[in-house]
Amino acid sequence: MLTRGRALVAMLRILGDRLWKTKFEEFKKLVASFGYEIVSEIVQAKDKPRTATLFGKGKIMEMKQICDEENIDIVIVYNTLKSIQKLNLEIMLERPVIDRYELTLEIFAENASDSVSKLQIELAKIEKEIPYIKLQTSVIHQRDRPFTRAGGEYGYVPKLIELRKRRKRLIEKIEEMRREKINQIIKRKEMGFNIVTIVGYYNAGKTSLFNMLTGANKKVSDTPFTTLESKYSALPKYDNILLVDTIGFVLDLDPKIIKSFEINVDDMRYADCLLLTIDISESTPIIITKINTVIQTLKQVNALNKKPIIIAANKIDLVKNNEELNEKINTLSNQIELLLKNSYPIIPVSAKKKIGIDKLAEKISETISLLRNTTSDN
Ligand code: GDP
Ligand code: MG
């Protein structure tokens, strides 16, 4: 396989973060799946990050040595970097340094096939680029004239002017497309359709489940973010229910990423019901953390609003036996109730082995019927 380059992956592990190992493993999967060769990895434990460099000086020296010895092309950092941290690390390591957010945008950019996603990604990149270039310009300026104080004049370098213009145009264009899309959704709803949106982490099997439920044929893969474009498709055998497959969440998702995908979030906001898909073969604490993150994020972006949620416990074919499965579902059910003060139906399925798909469709239809009856009662 063609490699994008030799990478050093690094993480600043904040003391007390018990999930750091899982996060780092997931991050490395992300890096490798995008085609970087992970040559070396470094984790520093600290109670808080250094403002100017994220890592401590000694750790950076160690990284520099690895970079030179191992011929590293790029350093990829788990933590979100402030412009000043990125710039300082690049200067000290003498190589490009990107963070998880930039990596995610790169992966998004490669997967995006529709114009809405492409524009949203371009905007997100520009939003990150502007403060970085501003800082870079001011650092170079100060180096040339060490006694002048920082001022606003760097804001007028041609590159920045161009980027700001482009940003403005992108915002307008995206807003226009967004209005158009919302109008479409509203029209469908006025025609009597109810919308069920599939949410959950990447790799849980959302697209596989969508395909099984609707008979569609969307691309499935174990690389994150294969799904960017949301697609609406009818649930056969039941009247007027549209299913939507959406972008997947990643553990410890940067809130900025969600913000950059407002149009995709609209699919969640306008849904009547959410189908939260989990991978039941993962360990219970991981599943609970993921469910909790999805619910909290949906709350933050105003997409929850007391909607009914059905949990599809996918990949039951990977669980040893029925006993273990039932025990797991019971534990999950209890812990969710404790944590979220709410209970949700959990339907065991396997999208791959086509188990439980009809039962899940039935549950969806039942939930929507209930909604329809309550609305007509009002
Ligand atoms: P998404 O990222 O949530 O949309 O997940 P995908 O539908 O793209 O599936 C991710 C990976 O999980 C793919 O390799 C699928 O073949 C696999 N997968 C999906 N459903 C199942 C299942 O029920 N059992 C097993 N064993 N694998 C599954
Ligand atoms: Mg998908």
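The values are calculated or read from the model by the stated rules, or taken from the named source; none is laboratory data. Just so you know, these numbers come straight off a predicted model, no measurement behind them. A quick note on method: Cβ atoms are made from the backbone with ideal geometry, for glycine too, and the neighbour counts reach across all protein chains shown.
All but one of (1) more than 23 Å from residue 372 (Cβ to Cβ); (2) at pLDDT 90 or above; (3) away from ligand 1 (no atom under 13 Å from the Cβ) hold for residue 234; which doesn't?
(1)
Only one of 180, 102 is at pLDDT 90 or above, closer than 30 Å to residue 11 by Cα and among the charged types (D, E, K, R). Can you tell me which?
Answer to the check: 102.
Taking the stated definitions as given, is residue 206 away from ligand 1 (no atom under 15 Å from the Cβ) and either in contact (Cβ under 8 Å) with a residue 24 or more places away in the chain or touching a His at 6+ places or on another chain (Cβ under 6 Å) (or both)?
Numbers: away from ligand 1 (no atom under 15 Å from the Cβ): no; either in contact (Cβ under 8 Å) with a residue 24 or more places away in the chain or touching a His at 6+ places or on another chain (Cβ under 6 Å) (or both): yes.
No, not satisfied.
Kindly list the number of the only condition in (1) modelled with pLDDT under 95; (2) in the same structural domain as residue 324 (by TED's automatic domain parsing) that fails for residue 187.
All conditions pass for residue 187, except number (2).
Can you tell me how many residues in the stretch 20-79 are free of Cβ contacts under 8 Å to residues at least 60 places away in the same chain and over 27 Å from the mean Cα position of the chain (by Cα)?
14
Quick check on the stretch 306-314. Is at least one of its residues part of a helix (DSSP H, G or I) and more than 16 Å from residue 204 (Cβ to Cβ)? If you could, list the steps in order and put the result at the bottom.
First, the residues of the stretch 306-314 that are part of a helix (DSSP H, G or I): none.
The answer is no, given that none of the residues of the stretch 306-314 is part of a helix (DSSP H, G or I) and more than 16 Å from residue 204 (Cβ to Cβ).
Quick grid of which residues meet (1) surrounded by fewer than 16 Cβ atoms within 10 Å (Cβ to Cβ); (2) of a type outside the set (A, V, I, L, M, F, W, C):
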| position | (1), (2) |
| --- | --- |
| 5 | yes, yes |
| 9 | no, no |
| 22 | no, yes |
| 38 | yes, no |
| 78 | no, yes |
| 83 | no, yes |
| 102 | no, yes |
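Do the conditions hold for residue 316, that is, is it more than 22 Å from the chain's Cα centre (by Cα) and over 22 Å from residue 219 (Cα atoms)?
The answer is no for residue 316.
This table checks each residue for (1) in the same structural domain as residue 260 (by TED's automatic domain parsing); (2) within 16 Å of ligand 2 (Cβ to nearest atom); (3) touching a residue at least 60 places away in the same chain (Cβ under 8 Å); (4) surrounded by 12 or more Cβ atoms within 10 Å (Cβ to Cβ).
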| site | (1), (2), (3), (4) |
| --- | --- |
| 307 | yes, no, no, yes |
| 312 | yes, yes, yes, yes |
| 316 | yes, no, no, yes |
| 320 | yes, no, no, no |
| 331 | yes, no, no, yes |
| 335 | yes, no, no, yes |
| 344 | yes, no, yes, yes |
| 349 | yes, yes, yes, yes |
| 352 | yes, yes, yes, yes |
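Criterion first (assigned to a helix (DSSP H, G or I) and more than 29 Å from the chain's Cα centre (by Cα)) does residue 371 satisfy it?
Numbers: assigned to a helix (DSSP H, G or I): yes; more than 29 Å from the chain's Cα centre (by Cα): yes.
Yes, satisfied.
So how many residues does the stretch 283-305 have that are surrounded by 16 or more Cβ atoms within 10 Å (Cβ to Cβ) and in a loop (DSSP other than H, G, I, E, B)?
Step one: filter the stretch 283-305 for residues surrounded by 16 or more Cβ atoms within 10 Å (Cβ to Cβ), giving 286-291, 293-295, 297-298, 301, 303-304.
Within this subset, residues satisfying the condition of being in a loop (DSSP other than H, G, I, E, B) are 301, 303-304.
Qualifying residue count, the stretch 283-305: 3.
Is there a residue being surrounded by fewer than 17 Cβ atoms within 10 Å (Cβ to Cβ) and within 16 Å of ligand 2 (Cβ to nearest atom) anywhere in the stretch 203-216? I'd like the intermediate steps shown before the answer.
Within the stretch 203-216, the subset surrounded by fewer than 17 Cβ atoms within 10 Å (Cβ to Cβ) is 215-216.
Subset that is within 16 Å of ligand 2 (Cβ to nearest atom): 216.
Yes, the stretch 203-216 contains a residue that is surrounded by fewer than 17 Cβ atoms within 10 Å (Cβ to Cβ) and within 16 Å of ligand 2 (Cβ to nearest atom).
Out of (1) more than 22 Å from residue 216 (Cβ to Cβ); (2) among the polar types (S, T, N, Q); (3) assigned to a helix (DSSP H, G or I), what's the single condition that is false for residue 264?
Failed condition: (1).
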